[in-house]
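Below is one structure, written out as structure tokens; comments come after it.
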Amino acid sequence: MADLEKLQKSLEAEGFAVSRFDTAAQAADYLDAALDGKTIGIGGSITVQEMGLGERLAKHNTVLWHWAGSTTQEAAGAQVYLTSVNGAAETGELINIDGTGNRVASGLFGHEKVYFIVGRNKVAPDYDAALWRARNIAAPKNAQRLGRKTPCAAKGDRCYNCKSPERICRALVVYWEKPGSMDMEVVLVDEDLGY
């Protein structure tokens with residue numbers, strides 16, 4: 001069982017702002033109220049999609065999301081960026097794996113604020129377990145979702161560190177602390193969200 005209280009304390013100790021909600025609906029209400037009149041970039045995120053945030057925020061913001069007709073480059077220039085993570089360690093590390101680099105780049109630099117939305121299913125006890133989760137649970141599920149021809153997509157069981165041209169895990173970013181130049185907030189949700 002994910003210890004969101006421990007995770008929150010660890011993230012705050014590393015400089016992240018943290019908000020915590022019992023449900024995805026409460027988190028969506030919070031973000032909808034916090035973001036108004038902004039340009040909002042969204043990375044490829046099942047979490048954001050499941051929460052209906054793209055459509056909801058587009059009612060009073062300009063949403064730039066490559067899943068909804070914009071480009072990853074347009075999203076990279078937005079004031080605010082929404083994404084999730086592939087693994088979060090109760091010890092305070094956030095882990096993201098990316099195929100094209102748009103999510104990891106936008107999570108590191110260039111926006112007024114970045115929100116990481118993290119469901120309890122992405123939380124692991126420590127760094128090693130969070131990294132294992134990102135590589136062996138999130139990556140195969142995303143490869144399957146995208147219909148990639150990779151061993152992890154075919155078997156759905158783990159990362160094979162393949163050399164397939166369709167590989168989706170090409171870049172890894174670990175946030176040990178909040179980067180100094182960025183305003184970042186982690187939105188913790190006590191529900192399963194995304195992969």
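Cβ-Cβ distance below 6 Å, separation of 6 or more or different chains: which pairs start in the range 97-110 with a residue that is more than 18 Å from residue 159 (Cα to Cα) and among the β-branched types (Val, Ile, Thr) and end on one that is open to solvent by 10 Å² or more (accessible area, probe 1.4 Å) and not in a helix (DSSP H, G or I)?
These pairs meet every condition: 104/98; 104/171; 104/173.
Go through the residues of the range 18-25 one by one and say whether even a single one is touching a strand residue (DSSP E or B) at 6+ places or on another chain (Cβ under 8 Å) and within 21 Å of residue 179 (Cβ to Cβ).
Within the range 18-25, one or more residues are touching a strand residue (DSSP E or B) at 6+ places or on another chain (Cβ under 8 Å) and within 21 Å of residue 179 (Cβ to Cβ).
Do we find a residue being assigned to a strand (DSSP E or B) and within 16 Å of residue 46 (Cα to Cα) anywhere in the range 126-135?
The initial filter retains those residues of the range 126-135 that are assigned to a strand (DSSP E or B), namely none.
Scanning the range 126-135 turns up no residue that is assigned to a strand (DSSP E or B) and within 16 Å of residue 46 (Cα to Cα).
Among the residues of the range 30-80, write down those that are in contact with a helix residue (DSSP H, G or I) (Cβ under 7 Å, 6 or more places away or on another chain), not in a helix (DSSP H, G or I) and not aromatic (Phe, Trp, Tyr).
Matches in the range 30-80: 35, 40, 41, 42, 43, 44, 51, 52, 63, 64.
For the range 147-173, enumerate the residues that are more than 19 Å from residue 44 (Cα to Cα), small (Gly, Ala, Ser) and either open to solvent by less than 80 Å² (accessible area, probe 1.4 Å) or in contact (Cβ under 8 Å) with a residue 60 or more places away in the chain (or both).
Answer for the range 147-173, where residues must be more than 19 Å from residue 44 (Cα to Cα), small (Gly, Ala, Ser) and either open to solvent by less than 80 Å² (accessible area, probe 1.4 Å) or in contact (Cβ under 8 Å) with a residue 60 or more places away in the chain (or both): 156, 164.
For every residue, the table says whether it meets (1) open to solvent by 20 Å² or more (accessible area, probe 1.4 Å); (2) charged (D, E, K, R); (3) touching a strand residue (DSSP E or B) at 6+ places or on another chain (Cβ under 8 Å).
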position	(1), (2), (3)
88	no, no, yes
92	no, no, no
98	no, yes, yes
114	no, no, yes
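What's the total number of residues in the range 147-187 that are hydrophobic (A, V, I, L, M, F, W, C) and modelled with pLDDT under 90? Outline the logic, then answer.
Looking only at the range 147-187, we keep the residues that are hydrophobic (A, V, I, L, M, F, W, C), and these are 152-154, 159, 162, 168-169, 171-174, 176, 182, 184, 186-187.
Remaining after also requiring modelled with pLDDT under 90: 182.
Total satisfying the criteria: 1.
If residue 144 passes every condition in (1) polar (S, T, N, Q); (2) open to solvent by less than 80 Å² (accessible area, probe 1.4 Å); (3) not in a loop (DSSP other than H, G, I, E, B) but one, which one does it miss?
Looking at each condition in turn, residue 144 falls short on (2).
Checking residue 121 against (1) assigned to a loop (DSSP other than H, G, I, E, B); (2) open to solvent by 30 Å² or more (accessible area, probe 1.4 Å); (3) in contact (Cβ under 8 Å) with a residue 60 or more places away in the chain, only one condition comes out false. Which one?
Looking at each condition in turn, residue 121 falls short on (1).
Can you tell me how many residues in the range 66-83 are of a type in the set (Gly, Ala, Ser), open to solvent by less than 60 Å² (accessible area, probe 1.4 Å) and under 11 Å from residue 106 (Cα atoms)?
Step one: filter the range 66-83 for residues of a type in the set (Gly, Ala, Ser), giving 68-70, 75-78.
Subset that is open to solvent by less than 60 Å² (accessible area, probe 1.4 Å): 70, 75-76, 78.
Next, from what is left, pick out any that are under 11 Å from residue 106 (Cα atoms): 75-76, 78.
The total comes to 3.
The values are calculated or read from the model by the stated rules, or taken from the named source; none is laboratory data. Computed from a prediction, not measured in an experiment: that's the story for all the values here. As a convention, Cβ positions derive from the backbone with ideal geometry for all residues, glycine included, and neighbour counts pool all protein chains shown. When the accessible area is computed, the model is the full protein with side chains, heavy atoms only, and any ligands, DNA or RNA have been set aside. Shrake-Rupley method; radii C 1.70, N 1.55, O 1.52, S 1.80 Å.
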